[in-house]
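Asks: What follows is a single structure, and I will ask about it in a moment.
The values are calculated or read from the model by the stated rules, or taken from the named source; none is laboratory data. Nothing here was measured: the structure is a model prediction, and the numbers come from that model. Every residue, glycine among them, receives a Cβ derived from its backbone with ideal geometry; neighbour counts consider all protein chains shown.
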Amino acid sequence: MRCPFCDAEKESLKVIDSRACDAGRAIRRRRECLSCAKRFTTYEKIEEPVRVMVVKKDGRRIPWDRNKILRGLERACFKRPVPEGELLRIVDEVEEEVFRTHDREVPSTLIGQQVTDRLRRLDQVAYVRFASVYRQFKTLDDLVDEAKAVIDAQRYEDPGQGRLFVEPKTGNCDPPVEPPRRKRRKNDPTASA
């Protein structure tokens, strides 16, 4: 290993801090170069053999590559206010799920669905960008319909907001559902006697 700034040899590098990261699957080391006094970070990770093959839509089989998912997410989030740490979290979650549920082969459609599910909750514009490539919309109407679905879903999926009004769907004969009422407590100043 060499210093990325002054190209000093390994003997000139000093480890300042070591911590486990990636849920204990890697070690993050903060290093300082004694020659130029600059600091940088390195990661040590066990190189796992590729044990999962991705089955593409056309039947081809390619080795699992987490960087391919990350590149797709970076393209979808280009010029969007999405931190890189969130993209890495999505890649880690998808990779962990795939390795936990599939031994040898996984369909690319399943990977794409897992990515879109997570991206939809993170950034709606990036989701529509990613979905436009992943789902291969045939017409502009398909893309507009998906964007409308994202907007509608956002109204109900926002964890900080409850449903204030339940909108009945047209053609539905069921009466609208009323939200649950707040229970009165003893000594509650807002409760009327």
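Asks: Under 24 Å from D22 (Cα atoms), in a loop (DSSP other than H, G, I, E, B) and in contact (Cβ under 8 Å) with a residue 12 or more places away in the chain, is that true of D92? Don't jump to the end; show me each part of the working.
Replies: Numbers: under 24 Å from D22 (Cα atoms): yes; in a loop (DSSP other than H, G, I, E, B): no; in contact (Cβ under 8 Å) with a residue 12 or more places away in the chain: yes.
It is false that D92 is under 24 Å from D22 (Cα atoms), in a loop (DSSP other than H, G, I, E, B) and in contact (Cβ under 8 Å) with a residue 12 or more places away in the chain.
Asks: Regarding R29, is this residue at pLDDT 90 or above and surrounded by 13 or more Cβ atoms within 10 Å (Cβ to Cβ)? Give the steps one after another, and end with the answer.
Replies: Details: at pLDDT 90 or above: yes; surrounded by 13 or more Cβ atoms within 10 Å (Cβ to Cβ): yes.
Spelling it out, R29 is indeed at pLDDT 90 or above and surrounded by 13 or more Cβ atoms within 10 Å (Cβ to Cβ).
Asks: Of everything in segment 74-85, what is in a helix (DSSP H, G or I) and crowded, with 16+ Cβ neighbours inside 10 Å? Give them in sequence order.
Replies: Step one: list which residues in segment 74-85 are in a helix (DSSP H, G or I), which gives 74-76, 84-85.
Selection gives A76 alone.
Asks: Another question about this same structure. Can you tell me how many residues in segment 35-51 are in contact with a strand residue (DSSP E or B) (Cβ under 6 Å, 6 or more places away or on another chain) and in a loop (DSSP other than H, G, I, E, B)?
Replies: Of the residues in that region, 1 qualify.
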